[in-house]
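*Asks:* Mind having a look at this structure? Questions to follow.
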Amino acid sequence: MGAYLFLAQHGRNEGMDLIPAPQHKEALDPEAIGKLVRYWVYYDNKVAELNKEKRQLQATQDAYEQQILQQLKASNMANPVIQIGGGRIVIGDTKTQQPLSYTMLEATLTKYYGQKPGAKNETKDILAFIRAQRTVQTTQGLKRVTNPTSRSRSNSSSRGRPDTDGK
């Protein structure tokens, strides 16, 4: 299957039309590139807007969760089951482990070798070996870089959908 470019349909927020992408031999005309960039910027703005809204919604949900947990604790309800439409809500524990970082590995290995009297501390050698074994994968993508004097991202998203007829 050949390569395709995505172009949004006019007047729709969902769904994309697939437009066959030109082969590498053909040059994409500046008008088409401009149109693609406008769509990319539009959707980049929408993603930023929705991510901001998601963070606000999660903060509100967290506040309600804390209030519910406080009320249940005050009522001495250890393991309640709350029936809701489409299911139920139960209290569950979430366990989060410390991230496996180089700092944590170094501290743990140093402690390990410290408990072994007479053992050679190979912490630095082990960490150097681990670092040398890591692979790096590079992928290309578009990234927005704002000018220090430009308007904020939220102002630019209020401009609406990109013009679909190239004007």
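*Asks:* Report, ordered by the first and then the second residue, all pairs with beta carbons closer than 9 Å, sequence separation of six or more or different chains, a first member in region 116-143 that is more than 30 Å from Asp44 (Cβ to Cβ), and a second member that is surrounded by fewer than 10 Cβ atoms within 10 Å (Cβ to Cβ).
*Replies:* none
*Asks:* Which residues, counting only those in region 90-107, are more than 14 Å from Lys124 (Cα to Cα) and among the acidic types (Asp, Glu)?
*Replies:* Asp93
*Asks:* Also: Every residue in region 1-36 that is surrounded by 14 or more Cβ atoms within 10 Å (Cβ to Cβ) and either part of a helix (DSSP H, G or I) or at pLDDT 95 or above (or both), please.
*Replies:* Hits for region 1-36 are Ala32, Lys35, Leu36.
*Asks:* Can you name every residue in region 38-64 that is farther than 28 Å from Ile91 by Cα and exposed (fewer than 13 other Cβ atoms within 10 Å of the Cβ)? Can you show your working first?
*Replies:* We begin by selecting, within region 38-64, every residue farther than 28 Å from Ile91 by Cα; these are 38-50.
Residues satisfying the conditions are Val47, Leu50.
Per-residue answers, yes or no, for (1) charged (D, E, K, R); (2) in contact with a Leu (Cβ under 8 Å, 6 or more places away or on another chain); (3) within 16 Å of Lys143 (Cα to Cα):
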site: Leu36; (1), (2), (3): no, yes, yes
site: Leu50; (1), (2), (3): no, no, no
site: Glu53; (1), (2), (3): yes, no, no
site: Ala59; (1), (2), (3): no, no, no
site: Tyr64; (1), (2), (3): no, no, no
site: Leu72; (1), (2), (3): no, no, no
site: Met77; (1), (2), (3): no, no, no
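*Asks:* Can you tell which of Leu105, Leu72, Leu100 is within 30 Å of Arg131 (Cβ to Cβ) and surrounded by 10 or more Cβ atoms within 10 Å (Cβ to Cβ)? If you could, list the steps in order and put the result at the bottom.
*Replies:* On the way: Leu72 fails: within 30 Å of Arg131 (Cβ to Cβ); Leu100 fails: surrounded by 10 or more Cβ atoms within 10 Å (Cβ to Cβ).
Criteria check complete, one pass: Leu105.
*Asks:* Next question. When you scan region 119-151, how many residues do you find that are within 28 Å of the chain's Cα centre (by Cα) and not hydroxyl-bearing (Ser, Thr, Tyr)?
*Replies:* To start, the set of residues in region 119-151 that are within 28 Å of the chain's Cα centre (by Cα) comprises 130-151.
Now restrict to residues that are not hydroxyl-bearing (Ser, Thr, Tyr): 130-134, 136-137, 140-145, 147-148, 151.
So the count comes out to 16.
*Asks:* Pairs under 8 Å by beta carbon, first residue part of a helix (DSSP H, G or I) in region 89-114, partner among the hydroxyl-bearing types (Ser, Thr, Tyr), six or more apart or different chains?
*Replies:* Here the result reads Glu106/Thr123; Leu109/Thr123; Thr110/Thr123; Tyr113/Thr123, each pair linking region 89-114 to a residue that is among the hydroxyl-bearing types (Ser, Thr, Tyr).
*Asks:* Just to be sure, is Thr60 of a type in the set (Val, Ile, Thr), part of a helix (DSSP H, G or I) and in contact with a helix residue (DSSP H, G or I) (Cβ under 7 Å, 6 or more places away or on another chain)?
*Replies:* Values: of a type in the set (Val, Ile, Thr): yes; part of a helix (DSSP H, G or I): yes; in contact with a helix residue (DSSP H, G or I) (Cβ under 7 Å, 6 or more places away or on another chain): no.
Taking the combined requirement at face value, the residue does not satisfy it.
The values are calculated or read from the model by the stated rules, or taken from the named source; none is laboratory data. It should be emphasised that the depicted structure is a prediction, and the values quoted were computed from it without experimental measurement. Backbone-built Cβ (ideal geometry, glycine too); neighbour counts: all protein chains shown.
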